[in-house]
Structures are given as C-alpha cells and as structure tokens.
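A.B. asks: Got a structure for you, questions after.
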Amino acid sequence: MTTDATITHTGAAGANGATTDATITAAGATATGPAATTAVASTAAGANGPTTRPAVDPAATKAPSERVTAARGPIVSCEQCGMCSSACPITGVDDFNIRRIERAVQLGVVDGLLGSRLPWLCTTCGRCEAACPNGYKIMTTTRTLRAMMAEELTPPMAPCRKACPAGMDAPRYIRLIAEGRFADAYAVIRESAPLPGVLGRVCAHPCEDQCRRTAVNQPISICSLKRFAYDQAAADFAPPSTAADTGKTVAVVGSGPAGLTAAFHLRKKGHAVTLLEARAEAGGMLRYGIPAYRLPQEVLDKEIGDILAMGVDFKPDTALGEQVTLEQLQAEHDAVLLTVGAQVSRKVKLEGADHPDVLWGVEYLADVRSGLDVQLKGRVAVVGGGNVAVDVALTALRTGASSVVLVSLESREEMPAFAWEVEEALQEGVEIVPSWGPGRILISESGADTGADGAGGPVVTGMELVQCTSVFDDSGAFCPLFSEDTKELACDQVILAIGQSTDLTFLDPRGEVQLIGGLIDVRLEDQATALEGVFAAGDAAAKAPGTPGTIVNAIAAGRRAAGAIDAFLGGDGDTYEVIGPPDARVEYTGEREPGFADLERVAMPVLDPAERVCGFGEVACGFDAEAAVHEARRCLNCDLEIVMARDGGPAVHA
C-alpha cells in the first residue's frame, strides 16, 4: 500500500514574529510502485536570489531507510517544544521552520523535503542548537538531508563567490584571515584580480548583498577584509611570473580597471602588451574620477607599478583618434583591445549652464585629482544622485565650498549612489534635496560680483528646481515626470553631475566596429567586436542587461577579454593561475563555538567628519589584525557546507 502522510503543526513564534500554521506533505512509496503524489512546485527568493522548488517524482527522491535513520538520530527524541524555531533567525522566511523539518524527519517522511530547497535555506548558524533544552545536534540532521538531495538542488558555490563578477574565492581568503594567514589570503585574492588594494577600498561588493550571514545578523565585511589582506601583505608579495614570449603583440587602449586587468593577464600569458593612455598617468577613472579620500594615490601607484613592471610598455599622452588611429594599431599589433571608459560628463541642455561658475562633475573631479588649484566659493549646489555626484559634493567641501546641497531627481530611497556613500555625505554636512530636478540656473544681471575666473559680470545666484513626481516608468526605464511645483535654491556655484558618457569619436560610423546604445557592440561571452582582432571591454563596451558599470565588472570584463584575445592568438584562453597555498587536509565539521551566531559585524574605523573635510586623507582607517580575525571568524563557511553535502561527511580545506 502506498501512503501519503500529511502532517499539520502549529508554528512557533520565531525571531521574525509568529508563524502561521502550515502543512508538510511528503509522499511515501512501497516496493509495489511509486507514490501517487508529487511535490508541488513553488517559487521562493532564497539567499542566492529567486529559486524554484521543482515538482519532484517521489520515487526518484525516495530516501534509503538507513539515511533517514541517520538524519533522525540526532533529534529522535525531540519533544517539539519549538525553542529551536523561536531562536532561528529565518523562521517564516520562504516557509522555513526547523521544528517542522525535524518533525518530518522523525516520522520518516522526508521525500518532500529532499525535493525542495528548504534544507539549503538553513544558515547553519547554530542558534537552534544553542536554544535546544536537550542539546540535540539539529544541524547534523539538516546536513544529512542536504547530503541526500539531488545534485541539481545543491548550490554550485557559495553565494558570495557566485555574486562576484570576478569570481573571487571570498570564503577561502576569509578563512585564511581567520587563521591568521594573511599573506596566503592575499595570494588567493590575486588569483582573481590584479588590483586587490583598489577593490578593497572602492568595490561595490555585490558579494555582501548575497552573504548568508545577513540572515543571522549582518553580512561579513568581505570588501574590508580584502583591503586588510592587501595592507598586510602587498609590500612583500613577489611579482607575478610571465610565460615565455609568444611573439604576439596586443595594444590595449585605456588604462582603467579593464585595461590594466587585461594587460596583466595578457602579459602573464607571454604576449607583448602596449598600454596606451590619453592622459599623463595610468589609471583611468581610478586615478581621475575617484577622490583620494577613498582611493589613496600610493595604493593605486603601487598596483599599477606592479603591472607595468611585468614588462608592459606604457605610452601616456596617446589618445586614440589624435596621436594614433585604430587602423595604425591594427597594422602594428596582432590584436587590439579598446577600454577607453566613460570619462566625460553626460551633458544636458539647461538655461545658464554655460556660465563659468557652472562646472561639470567628471571634469571637476579630474581637475582636482590632477593637482590643479581648484577653489570653489560660497554655497555650492550639486545636481545628481549617483556616486559621482556624492564624490563631487564631498570634494566640494574640501575645495573651498562653505556649504553643499545635493539635488537629486530620485527620492532618498531611489538614489543610485551607494547607501554608505550617501551616509558619509550626510555625516560631513551635505544637505540632500531629493525628488527635485534643475529647471534653470539663475544668473544675476548686475555686474557687482565676479565669476569663477575673477572677471566682472553676471554671477550665479541660485537655481530654480522643479519637483520630480516619478523617475522611472512602469518598465523601470528612466523617464522622469515633473509637476508644476517649483522652488528656488540659493547658491553661488553649480556642479552638474548627472552621469558619465563615452567619447567614441575615433570610430568610423561606417566601419565594422559598431555602436549599440552609445556603447561599443561586443559579443558578451568574449568581448569581441564585429571587426576581427578588435575587442572592447569596460564602461565603453556594451554589457548584459542589468549589469552595472562598476569597477569589479570592468575588471571581470578585462579578464574575459584577455582570455579571448589569448585564444585568438593561439593560446588556451585560460587566465586562471593558482598562486594561493596548496590544499592542506584540515577537517571542517561545522561545529559552532558558543556565541558564534551572536558575533556582530566589526565596524570600520573612520576619521571624524570634522577631520575629513580638512583634506583628502583616507576616510576609512582599515582593520587591525585583531578586528580582521574577529570579523573573518563570523563567516558561515558556505563553501565547505556545500562540500560536506557532496561528500556526505566532514570537508577538508586549505
């Protein structure tokens, strides 16, 4: 006889509030045939993003009785008191309830669990075991269930690593930091990117958005730990070796993050690399767009210097379309990579914008970073809601402005700037005016005052603002709508920072390198253009829908392009190199120390706001060793949990 078991339990109140009654249905099977029921498909948003619980054939997932017995063992005498689910930080999230899972295991009806993602929703933080009055090893049951599940339901890798565009093995280097092996951690980081000091300071860190520790309390400070590894070990790190010369040459146009990364990997593969830069120094927007209080010049110089020291031929003051043409580069090299970036301000027609006291954000930041004596005056209004606008506002406070107001089309919640950068701006005294846009810049007709150039004439007295009622349409496209409400903002200077744009005038509009949406059209899998031997990457190249123009995405694209170019030139296209420590056979059992789940995220020490605005000293001071080790020890080791599930026992790691 085939039996369908339906178990109904009343949910216990967990950390996320009271849970509702729920039903767990699991189908059994006999030797005479498969069960007649199938798990119902449903959709849930887990730590790895939207996931689907597929319909599963119970006969295919029927658990061997000895494994069910193994899963039942640690909780066989569970009294269903609910202390575990009350302590669990994810009770009620996507129908997760550890007590109900235990009950299903007790009754041996686990096939429905094995066809769902419920066992993988558990963070294995240990709060359930700490709360259990009988000391049951609840996580052992969860891990046994994971080991019984089909391979396709097992995560391919830790969520943080999956979220990293560069594929950086964050769990591994975090674990090494926790063990005090700082140089080994730095080596692991260098396996994926040649700019760890840069990334450790200015990366958008999408990895932290997916960190499972967030469900417990706060995500791991993955980015800050990367910076710590650089600060501790970069000075003593041996220069990377290069393969034997291939006789092939590559021209990389643009020395921003994509170009530097590509040059690094191509040189390692043995190709001769010429790196061309329109400005006097290498770095692109890393040097000319990011203020020194975020990215100190000495850090950037060190990492660029390491790349150039590999034998890269650097040619500054060489602009494509001026000092050299694309056709010349094609004739002189076996391949060309265009990484020219988006290094000019996006312009908008605005009454009064041609006044000398009206500046453009990208160019203003570049002038300051170049060492020009840029001195603002009085009250400054910055227009824009992105990261460039925030950097412009904070830089204005450091270059003479008496006060700064940041005007954003978006609401405070919609602003595209990183939340932590907006918070820094507020701490330093920037006033934010959300949901208003520029109508026109107000210019006086009296010549009593002087403009920015010191000459007499009309001066900026303010800006007329128009209320923005919505920024995006129903499809999510940028389509601002305005009401008839207006107001005036008094100011003495205006800096427009409404976005960045590319300068691709060096391309022949009738040539084979085509544009799409104002960017160079490329095959996304290899960054190749339609012109054989010419590739493009970084902010000037087209990207997959939804891909942000971040530094780590540019680095990932540069590495992808380097692999494709290497293959085009006859190589194997593999840019990965193991330089971290060899695997040691250290056993991981998943045991959690008392209080592990309650370990709080370590706050990054920063300069006092009053001290910050006095100059361009780095705001974030960095972790010391004690803080870094403490923070790293908070990691849930999601990668090793996956290994444990696949191996059916303790994992070994480096």
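A.B. asks: If we keep just the residues of the stretch 168-182 that are in a loop (DSSP other than H, G, I, E, B) and over 13 Å from the mean Cα position of the chain (by Cα), which is nearest to residue 574 (Cα to Cα)?
C.D. replies: 169
A.B. asks: Sticking with this structure for a sec: Would you mind finding the one in 524, 481, 496, 504 that is more than 30 Å from the chain's Cα centre (by Cα) and among the aliphatic types (A, V, I, L, M)?
C.D. replies: One residue alone meets the criteria, 481.
A.B. asks: Going through the stretch 591-610 one residue at a time, which ones are under 29 Å from the mean Cα position of the chain (by Cα) and either assigned to a helix (DSSP H, G or I) or farther than 28 Å from residue 213 by Cα (or both)?
C.D. replies: Correct list: 596, 597, 598, 608, 609.
Listed here are the residues, each with its yes/no results for (1) at pLDDT 90 or above; (2) of a type outside the set (D, E, K, R).
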residue: 444; (1), (2): yes, yes
residue: 476; (1), (2): no, yes
residue: 486; (1), (2): yes, yes
residue: 500; (1), (2): yes, yes
residue: 510; (1), (2): no, no
residue: 520; (1), (2): yes, yes
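A.B. asks: Additional query: Considering each of 603, 632, 628 in turn, give the residue that is within 30 Å of residue 391 (Cα to Cα), surrounded by fewer than 18 Cβ atoms within 10 Å (Cβ to Cβ) and among the small types (Gly, Ala, Ser).
C.D. replies: 603
A.B. asks: Determine whether residue 533 is within 19 Å of residue 169 (Cβ to Cβ), open to solvent by less than 40 Å² (accessible area, probe 1.4 Å) and either touching a strand residue (DSSP E or B) at 6+ places or on another chain (Cβ under 6 Å) or modelled with pLDDT of 95 or more (or both).
C.D. replies: No: the conditions fail for residue 533.
A.B. asks: Taking the stretch 362-383, which residues are of a type in the set (Gly, Ala, Ser) and touching a strand residue (DSSP E or B) at 6+ places or on another chain (Cβ under 6 Å)?
C.D. replies: 381
A.B. asks: Against the conditions (1) in contact with a Pro (Cβ under 7 Å, 6 or more places away or on another chain); (2) closer than 26 Å to residue 285 by Cβ, where does residue 215 fall short? Just the number, please.
C.D. replies: Only one criterion is unmet by residue 215, namely (2).
A.B. asks: Please go through the stretch 286-309 and pick out each residue that is closer than 18 Å to residue 254 by Cα, open to solvent by less than 40 Å² (accessible area, probe 1.4 Å), of a type outside the set (Gly, Ala, Ser) and in contact (Cβ under 8 Å) with a residue 60 or more places away in the chain.
C.D. replies: The answer is 286, 287, 288, 290, 300, 303, 307.
A.B. asks: Related question: One residue is enough: does the stretch 231-252 have a residue meeting the conditions surrounded by 24 or more Cβ atoms within 10 Å (Cβ to Cβ) and under 22 Å from the mean Cα position of the chain (by Cα)?
C.D. replies: There is no residue in the stretch 231-252 that is surrounded by 24 or more Cβ atoms within 10 Å (Cβ to Cβ) and under 22 Å from the mean Cα position of the chain (by Cα).
A.B. asks: Continuing with this model, one more query. Got at least one residue in the stretch 449-456 being surrounded by 16 or more Cβ atoms within 10 Å (Cβ to Cβ) and small (Gly, Ala, Ser)?
C.D. replies: Yes, because at least one residue in the stretch 449-456 is surrounded by 16 or more Cβ atoms within 10 Å (Cβ to Cβ) and small (Gly, Ala, Ser).
A.B. asks: Let me ask something additional. Select the helices (runs of 4 or more DSSP H) contained entirely in the stretch 65-112, then report the ones holding at least 1 residues which are open to solvent by less than 20 Å² (accessible area, probe 1.4 Å), closer than 16 Å to residue 146 by Cβ and out of contact with any Asp or Glu (no Cβ under 6 Å at 6 or more places or on another chain).
C.D. replies: Correct list: 65-72, 98-106.
A.B. asks: Okay, next question. Go through the residues of the stretch 548-558 one by one and say whether even a single one is open to solvent by 40 Å² or more (accessible area, probe 1.4 Å), touching a strand residue (DSSP E or B) at 6+ places or on another chain (Cβ under 6 Å), farther than 23 Å from residue 275 by Cα and at pLDDT below 95.
C.D. replies: Looking through the stretch 548-558, none of the residues is open to solvent by 40 Å² or more (accessible area, probe 1.4 Å), touching a strand residue (DSSP E or B) at 6+ places or on another chain (Cβ under 6 Å), farther than 23 Å from residue 275 by Cα and at pLDDT below 95.
A.B. asks: OK, next. When you scan the stretch 428-439, do you find a residue that is in contact with a Gly (Cβ under 6 Å, 6 or more places away or on another chain) and of a type outside the set (Lys, Arg), even just one?
C.D. replies: No, that holds for no residue.
A.B. asks: List the strands (runs of 3 or more DSSP E) inside the stretch 489-590, counting only whole elements, that have at least 1 residues being touching a residue at least 60 places away in the same chain (Cβ under 8 Å) and farther than 30 Å from residue 640 by Cβ.
C.D. replies: Because the criterion is at least 1 residues that are touching a residue at least 60 places away in the same chain (Cβ under 8 Å) and farther than 30 Å from residue 640 by Cβ, the strands (runs of 3 or more DSSP E) in the stretch 489-590 that meet it are 493-496, 534-536.
A.B. asks: Quick check on this structure: which one of 337, 394 is in contact with a Phe, Trp or Tyr (Cβ under 6 Å, 6 or more places away or on another chain) and open to solvent by less than 10 Å² (accessible area, probe 1.4 Å)?
C.D. replies: 337
A.B. asks: Only one of 286, 337, 275 is under 30 Å from residue 181 (Cα atoms) and among the aliphatic types (A, V, I, L, M); which?
C.D. replies: Of 286, 337, 275, the one residue that is under 30 Å from residue 181 (Cα atoms) and among the aliphatic types (A, V, I, L, M) is 286.
A.B. asks: Further question on the same structure: Got at least one residue in the stretch 172-180 being over 26 Å from residue 209 (Cβ atoms), in contact (Cβ under 8 Å) with a residue 12 or more places away in the chain and open to solvent by 30 Å² or more (accessible area, probe 1.4 Å)?
C.D. replies: yes
The values are calculated or read from the model by the stated rules, or taken from the named source; none is laboratory data. Predicted model only: the values in this text are computed from it and were never measured. We place every Cβ from the backbone using ideal geometry, glycine too, and count neighbours over all the protein chains shown. Heads up: the accessible areas ignore ligands, DNA and RNA and are worked out on the full protein's heavy atoms, side chains in. Shrake-Rupley method; radii C 1.70, N 1.55, O 1.52, S 1.80 Å.
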